[in-house]
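What follows is calculated from the coordinates using simple rules that are stated; it is not laboratory data. Not measured: the values here are computed from a predicted model. Here the Cβ is made from the backbone with ideal geometry for all residues, glycine too, and neighbour counts use every protein chain on show.
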Amino acid sequence: MYDLLIIGAGPAGMSAAVYAKRAGMHVAIVDRSPISGGQVMNTYEVDNYLGMPGISGMDMAVKFREHVDKLQVPVLVKDIERMEDKGNSKVVVCQDESLEARAVIVATGAQHAKLGVPGEEELSGMGVSYCATCDGAFFKGRTVAVVGGGDVALEDAIYLARGCEKVYLIHRRDAFRGAYVLQQELLNCPNVEILYSHVAEEICGEDMVTGLVVRDIKNQEKKTLELQGVFIAVGIHPQSELISDMVQCDEKGYVLADETCESSLPGLFVAGDIRKKPIRQVITAVADGANAVASVGNYLAKQQAEK
């Protein structure tokens, strides 16, 4: 019986592991991948994490994992099939065995929706980005494109226009879905060119992005935009399927939990991008890990006192 099982070895999960071990808990991480790091692994450079300016996503993930290993927290590589609630404990059913713990932190994160076009996977982190606030500073004075038409896409285009020479906004419809106030602000950006009724067909480049092939869906004409960055903002999906029928979630699947990281099910906590919150960055994921463990500590103490 573990005191705590942490599902997910991204920044939130590894942060939770460090805090749990230092609190004297019998803890382990469970993750399906043998390589820890989560989404940060796909980030070429992280320049806004305090004390680590310019670090690559890969190096950051390695540093996080080294800290976990130094504290001798086991990282169990397993495929999880389901979770079961037994009241005072939770059972994590894996393909080869079942693990039981008094509390569980789910830190499985969220996944950005992909365009599914040639060049997207190959150039991810090398000009292809899913986070303008994370990576926009690297494209100061350059030309970029934003693909999407919702609030996030409009916000990204406005944000990038402040530092980029030119921003193309590629939207497959002939009108935006985003908020009217954002549309008005966008139209006041002189260096933004909107391509309505266009879709992205291919991201060009070898070691770095050099262009984006777009197609006009009305006349089927294609053209290549010369640019250095493509920001994809076509949605994000929380990876909450494991617990979505056990806890309260919003309409998009994000688990409803405040800064305590407590879900609606006692003993089950969430940390990182899976939680409903306004900002999803490495630093907020790490903070969630610490907050979640503090809540776990209170929960376990209360359990003990009730025995």
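Given axes a ≥ b ≥ c from the Cα gyration tensor, I'd like to know whether region 35-163 is rounded (a/c under 1.5), prolate (a/b larger than b/c) or oblate. Intermediate values should be presented prior to the final figure.
Values: a/c = 2.54, a/b = 1.85, b/c = 1.38.
Here region 35-163 falls in the prolate category.
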Seminar exercise, completed: In whole Hz, the Karplus estimates of ³J(HN,Hα) for region 190-204 (6.51, -1.76, 1.60; θ = phi - 60°; x where Gly or Pro) are x, 9, 9, 10, 9, 10, 6, 6, 10, 10, 7, 10, 6, 9, 9
Problem set entry | Estimated [θ] at 222 nm from DSSP helical runs (n ≥ 4, -39500 (n - 2.57)) normalised by residues in the chain, nearest 500 | -7500 deg cm²/dmol
Problem set entry | Stretch gain in nm, segment Glu100-Ala294, where the contour uses 0.36 nm per residue and the Cα spacing is subtracted | 67.8 nm
Exercise. Counting pairs of alpha carbon atoms under 8 Å apart in space and at least six apart in sequence, what relative contact order in percent does the chain give?
Worked result: 20
For this session: Measure off 7 Å from each Cα along the Cα-to-Cβ vector at Ser56 and Arg22, then give the distance between these two points in nanometres to one decimal.
Result: 2.8
Problem set entry | Coil-residue trypsin sites (Lys or Arg not before Pro) of region 124-185, DSSP, other Cβ within 10 Å capped at 12 | Lys140, Arg162, Arg173
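Quick one: order Asp151, Asp250, Asp135 by neighbouring beta-carbon count within 10 Å, fewest to most.
Values: Asp151 16, Asp250 11, Asp135 23.
Ordered by Cβ neighbours within 10 Å, fewest first: Asp250, Asp151, Asp135.
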Seminar exercise, completed: The correct pair for the chain, radius of gyration to one decimal and Dmax as a whole number, both in Å and from Cα atoms, is 21.2, 72
Exercise. For the chain, can you list the cysteines whose C-beta has no other cysteine C-beta under 4.7 Å from it?
Worked result: Cys94, Cys164, Cys189, Cys204, Cys249, Cys261
Problem set entry | FRET efficiency for Ala113 and Ala305, using Cβ-Cβ distance with R0 set to 41 Å, rounded to 0.05 | 0.35
Exercise. For q = 0.14, 0.22 Å⁻¹, what log10 I(q)/I(0) does region 114-184 give under the Debye formula with an equal point scatterer on each alpha carbon and no solvent?
Worked result: -0.43, -1.02
Seminar exercise, completed: Once both label points are put 7 Å beyond Cα along the C-beta direction, the Asp85-Leu256 separation in nm becomes 1.4
Exercise. Each residue of region 160-170 in order: what ³J(HN,Hα) in whole Hz does its phi give by Karplus 6.51 cos²θ - 1.76 cosθ + 1.60, θ = phi - 60°, with x for Gly and Pro?
Worked result: 5, 4, 5, x, 8, 5, 8, 10, 8, 10, 9
Exercise. In whole Å, how far is the Cα centre of region 281-307 from that of region 194-264?
Worked result: 31
Exercise. Picking from Asp216, Asp69, Asp245, which is most flexible by a Gaussian network model of the chain using Cα springs under 10 Å?
Worked result: Asp245
Exercise. Using the alpha-carbon atoms, what tilt in degrees (0 to 90, nearest 10) does helix 282-306 show relative to the longest principal axis of the chain?
Worked result: 20
Exercise. Cα-Cα over 21 Å: which of Lys276/Lys302; Lys86/Lys307; Lys114/Lys140?
Worked result: Lys276/Lys302; Lys114/Lys140
Exercise. What is the P(r) of region 114-232, as percent of Cα-Cα pairs per 10 Å bin from 0?
Worked result: 15, 51, 32, 3
For this session: Would you please give the residues with an amide H less than 5 Å from that of Gln111, counting only those at least 5 places away or on a separate chain, with H modeled from the backbone geometry?
Result: His237, Gln239
